[in-house]
Amino acid sequence: MTGKRVIFMGPPGGGKGTQAQRLENKYQLKQLSTGDMLRAAVAAGTDLGRQAKTIIDAGKLVSDDIMVGMIAERIDETDCANGFVLDGFPRTVPQAEALDVMLADKGLKLDAVIELRVDDSILFDRIRKRAAEADAGSVRADDNEDTLRKRLDIYHGMTAPILPYYGRKGLLHVVDGTLPVDAVTRELEGILGDC
């Protein structure tokens, strides 16, 4: 399998990062987190990184054009030659449309958009369990119910509407994110083997 281009969708805490790392290790599909890309571009002082830094320093959100430009540059790097798993982008339908245009300009297309579906109540149970099992010093600052509730509101309000967009394109695959981690990985491998 070569050249797969995949987007992971799903709520915060749904397992996207874990599964993206597994696919990266097995298939050499580079996991691309837009947050990591943004920080790297700012640190490297690229043209887009400097533009983004100015916007961030002003307390504003980085525009879709800059984010898509950053992804366009990143997927041209050699470690993306076997493809990539995009995690954290797109978050809105206009971003999805801009991503499609950028890929088409490069003669590329998405192979799959995979939603890891997890009910909100299970995500709250996971947060409570992690908090109960963790030592007081090892709980992440954002690993709490209030933060999760806010992130879920954003996900359901802004990001989840992208799912029908990809469904109409025949790219959307839904995986039960409540399955054991290895079972989710097997489901993903099956999807990628078929596309």
Problem set entry | Overall form of the chain per C-alpha gyration tensor (a/c, 1.5; a/b vs b/c) | oblate
For this session: Could you tell me which of rounded, prolate or oblate describes the range 37-122, using a ≥ b ≥ c as the square roots of the eigenvalues of the alpha-carbon gyration tensor, with rounded for a/c under 1.5 and, failing that, prolate when a/b is larger than b/c and oblate otherwise?
Result: oblate
Problem set entry | Which listed pairs, of 16/60; 16/106; 60/150; 30/53, have C-alpha distances above 22 Å, in listed order | 16/60; 16/106; 30/53
Exercise. In what order, largest first, do 121, 33 sit by accessible area if the probe radius is 1.4 Å?
Worked result: 121, 33
Exercise. In nm, to one decimal, how far is the residue 145 label point from the residue 81 one, both placed 7 Å along Cα→Cβ?
Worked result: 5.1 nm
Exercise. Ignoring ligands, DNA and RNA, what percent of the 1.4 Å accessible area of the chain is carbon and sulfur?
Worked result: 51 percent
Exercise. Which whole-number value in Å² is the accessible area per residue of the chain, probe 1.4 Å?
Worked result: 53 Å²
Exercise. What FRET efficiency comes out for the pair residue 178/residue 25, r = Cβ-Cβ distance, R0 = 25 Å, nearest 0.05?
Worked result: 0.65
For this session: Could you work out the relative contact order of the chain, using alpha carbon pairs under 8 angstrom and six or more residues apart, expressed as a whole percent?
Result: 31 percent
Exercise. Percent antiparallel among DSSP beta bridges with both residues in the chain, to the nearest 5?
Worked result: 0 percent
Seminar exercise, completed: Checking the range 10-87 for GluC sites (Glu not before Pro) in a loop per DSSP with at most 12 other beta-carbon atoms within 10 Å yields 77
Seminar exercise, completed: Rounded to 0.05, the calculated FRET efficiency for the beta carbons of residue 40 and residue 158 at R₀ = 30 Å is 0.80
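The values are calculated or read from the model by the stated rules, or taken from the named source; none is laboratory data. If you're wondering where the values come from, they're calculated on a predicted model, not measured in any experiment. Glycine also receives a Cβ, built like all others from the backbone with ideal geometry; neighbour counts cover every protein chain displayed. Just so you know, the surface numbers come from the protein's heavy atoms only, side chains and all, with ligands and any DNA or RNA stripped out. Shrake-Rupley method; radii C 1.70, N 1.55, O 1.52, S 1.80 Å.
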